[in-house]
Structures are given as structure tokens and as C-alpha cells.
1. In what sequence do 112, 89 fall when counting other Cβ within 10 Å, fewest first?
2. Which length gain, in nm to one decimal place, applies between residue 37 and residue 71 when the Cα-Cα distance is subtracted from 0.36 nm times their residue separation?
3. Long-range amide H contacts for residue 35: which residues qualify at under 5 Å (H placed 1.01 Å from N, peptide plane, sequence gap of 5 or more or a different chain)?
4. Step through the residues of the stretch 101-118 one at a time and calculate ³J(HN,Hα) from phi using the Karplus curve (6.51 cos²θ - 1.76 cosθ + 1.60, θ = phi - 60°), rounding each to whole Hz and writing x for Gly and Pro.
5. Which FRET efficiency value, to the nearest 0.05, is calculated for residue 45 and residue 97 with the Förster distance at 25 angstrom and r the Cβ-Cβ distance?
6. For a quick check: with amide H placed at 1.01 Å from N, whose amide H comes under 5 Å from residue 104's, ignoring anything fewer than 5 positions away on the same chain?
7. Give, in nm to one decimal, the length gained when the segment between residue 22 and residue 115 is fully stretched (0.36 nm per residue of separation minus the Cα-Cα distance).
8. Quick one: in the stretch 5-120, what % of C-alpha pairs are over 18 Å apart?
Amino acid sequence: MPIRNILVVDDSPTDRQHLTDLLAKSGFNVAVAASAEEAYAKVKLAKPDLVLMDVVMPGQNGFQATRTLKSDASTKDIPVIICSTKGQETDRVWGLRQGARDYVVKPVKSDELLAKIAALG
């Protein structure tokens, strides 16, 4: 299934805009959410092809949000790439254990992110 529609989940307006610009210039349709709670509502409604998930957010963090999406039968097949400033190997391993398909450290390198998205499609 080719990836066309991506939901960017990040509490930072700057990071949301940066990722939106990068993805839109590459031909993706992009929606945004500023929290895990907003992301759940948008994922249920729009069923994006991919979720880019920040980790450090108020309320539920991205690890918890990924685990919730993966435990719900209606959203478990939507791939998640964690996109975070948390760059330790333990963070990456923990993110993958929560159900993420991949992990990207901020600041995001556009070539790296696009390659990881292409690998999922």
C-alpha cells in the first residue's frame, strides 16, 4: 500500500510546520495533531497511511500513544514512525517495543525520513 496520507503528531508548532513542509513538498497529504488525544481522534476519523509520532508531549507521551494505537483493532495496522529528540538507543528500542515501525531522531534529516517512509510503502 503506497503511503499518501500522513498524520504528524507533535506538540511543537515549529516541528509540526517543518515536517508538514517537508512532507507536502514530497507529495504527501499531511494532517497534524498537537497531542496524543487529538491524534487518536484524527486517526479514528481519517485512517492515515502513516503516523509520525513525537515522544515528549504533555498528557500522554508518544510511547504511550503508540502503544494505544497498536492495541486498538481499528488502528493497529497503521504504521508509526517515532520522531523524537530522545536519541538514546534505549529510547529507540523502547519505541520499537511499543509497536513503532521505525525511529527517527530530531533534527530530522529529510533524506533519512523519506527513505524510511518509502521503505514502509
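1. Ordered by Cβ neighbours within 10 Å, fewest first: 89, 112.
2. Net length gain for the segment: 10.7 nm.
3. For residue 35, whose amide H was placed from the backbone, the distant partners under 5 Å are 10.
4. 7, 7, 8, 10, 9, 7, x, 6, 8, 4, 4, 5, 5, 5, 5, 5, 5, 4
5. 0.35
6. For residue 104, the qualifying residues are 82, 83, 84.
7. Additional length available on full extension: 32.2 nm.
8. Result: 42 percent of Cα pairs exceed 18 Å.
No lab work stands behind these numbers, since they all come straight from the coordinates. Please read these numbers as outputs of a predicted model, since none were measured by experiment. Positions of Cβ are generated from backbone atoms using ideal geometry, with glycine treated the same way; all protein chains shown enter the neighbour counts.
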